[in-house]
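*Asks:* Can you keep this structure in mind? I'll have questions shortly.
Please treat every number below as a calculation from the coordinates, not as lab data. This structure is a prediction, so every number in the text was calculated from the model and none was measured. Note that we place each Cβ from the backbone using ideal geometry, even for glycine, and neighbour counts take in every protein chain shown.
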Amino acid sequence: MSIRVVARIRPLLQAKEIERDIIVDTAKLPAEKTDSKSVVRIPNPRNEAEAFSFVFNSVYDQEATQAQLFENEVSPTVKHLFKGFDVTLFAYGVTGTGKTHTMRGGKALAERGVIPRLLSSIYRRARKVDKDSEGASRVEVSMSYYEIYNDRVFDLFEPPEKRTPAGLPIRDIGNGKTQVVGLTERPCTTLKEFEQLYDQANVNRSTSATKLNAHSSRSHAILCVKITQTTGDSVRVSTASAIDLAGSEDNRRTDNNKDRMVESASINKSLFVLAQCVEAISKKQHRVPYRESKMTRILALGQNNGLTVMILNLAPVRSYHLDTLSSLNFANRTKKIEVNEVENQPFFRDVPSGKGKLDSDDKAISLGAPSMH
Ligand code: ADP
Ligand code: MG
């Protein structure tokens, strides 16, 4: 299975952008019978008479609502999550193109992003499992939330003043998965509880604004929602990861002081490494440089993500032209990555660790409570 790549073009920002500056548009493939669009078109910066076209799994234009994006792209993954597959959703794009709007969204019900809608859907399904099994199956939800900033991992449940400057270590736990060591994991039994924890953690994303970007545009925010389904002795764990990546812009274009330059260089580095990984995988090269940044180790595209959906956020206007084109090229290569859908096997509570009922084949790797990343 390939990574699903969908593009979303945000509307004009009132007061800042005007109709005349729109350069990105959408189209249907000639053969398509439905209303859905799958082509993004953008002029060639060297010759505007010519347009480049990029084909994705689907394309959402200015009119698309938060609800539509969720229903089409994310809602279908919830079923898989409950079957024991991991799900990874990530937003890629230049700062100001709508990544945070897409993932987190606004407070108003209609403006809620993918993350609160996903949780809402998970709780709904959990209640159904409980009801259908007449209480024999139980679903527990817990979350962890962290950011990667300057190639260091910080727990977003810790207030910034309590962070250790070096950040938290990560380690490989097999099956292409990694784990952040010492990360807080909070149970959240209701949507309300989740939202309180999530909002509080978002406050901990530090807010030192620079000329063009806030801190948040230079860090990757990674939310992991762990679902534990228990029926009798059998326990099945799966994880949904929702990632709001740092802005993919070319930071050499912003003038900033020295500190900021270090950050820029580092952000550039992890997204640069990601681009190299994607390139290596799409060309089926043997060596993929995952290990060269923490973000790529954690995201581990094409390693073992279960279902993966990439949302490519785009601004429609000319001021983003070159960065938009480079985002589109990146996304175009990402499409080609194949992911294995590996099911997380259930494990059994009373089995002493290390001596599972399963054979010591590859399945046994998922014994024990795995994978909060
Ligand atoms: P990013 O996280 O990629 O830097 P934001 O999510 O902060 O970008 O979006 C930049 C601005 O554009 C915000 O003011 C946001 O509210 C607005 N915006 C982005 N996408 C949409 C959309 N689909 N509909 C309405 N406003 C949007
Ligand atoms: Mg953002």
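*Asks:* Between the range 162-198 and the range 29-84, what is the separation of their alpha carbon centroids in Å?
*Replies:* 31
*Asks:* Here's another thing I want to ask about it. So how much slack lies between Ile22 and Glu48, counting 0.36 nm per residue of separation and subtracting their Cα-Cα distance, in nm?
*Replies:* Taking 0.36 nm per residue and subtracting the Cα distance, the gain is 8.1 nm.
*Asks:* Take Asp233 and Arg124, extend 7 Å from each Cα along the Cα→Cβ direction, and tell me the distance between the two endpoints in nm.
*Replies:* 3.6
*Asks:* When Lys and Arg each count +1 and Asp and Glu each count -1, what net charge do the other residues less than 13 Å away from Tyr145, Cβ to Cβ, add up to?
*Replies:* Every neighbour counted, the sum reads -3.
*Asks:* Still on this structure, I have one more. Indicate the gyration tensor shape class of the range 70-112 (rounded, prolate or oblate), computed on the Cα atoms with a ≥ b ≥ c the square roots of the eigenvalues: a/c under 1.5 is rounded; otherwise a/b larger than b/c is prolate and the rest oblate.
*Replies:* It is oblate, given that a/c is not under 1.5 and a/b is not larger than b/c.
*Asks:* Looking only at the range 63-77, which residues have a backbone nitrogen under 20 Å from a spot 7 Å from the Cα of Asp35 in the C-beta direction?
*Replies:* Once the point is set 7 Å along Cα→Cβ of Asp35, 63-76 turn out to lie under 20 Å by backbone N, inside the range 63-77.
*Asks:* Select from the range 26-99 those GluC sites (Glu not before Pro) which occupy a DSSP coil region and have at most 16 other Cβ atoms within 10 Å, ordered by residue number.
*Replies:* Glu32, Glu63
*Asks:* Counting other Cβ atoms within 10 Å of each Cβ, which trypsin sites (Lys or Arg not before Pro) in the range 1-60 have at most 11 and sit in a DSSP loop?
*Replies:* Passing both the DSSP loop test and the Cβ count: Lys16, Lys33, Arg46.
*Asks:* How much length would be gained if the chain were fully extended between Phe348 and Glu63, taking 0.36 nm per residue of separation minus their Cα-Cα distance, in nm to one decimal?
*Replies:* 97.8 nm
*Asks:* Right, next: Give a quick list of trypsin sites (Lys or Arg not before Pro) in the range 116-213 that DSSP marks as loop, anything other than H, G, I, E or B, with at most 10 other Cβ atoms within 10 Å.
*Replies:* Taking the range 116-213 and a limit of 10 other Cβ atoms within 10 Å, the loop trypsin sites (Lys or Arg not before Pro) found are Lys211.
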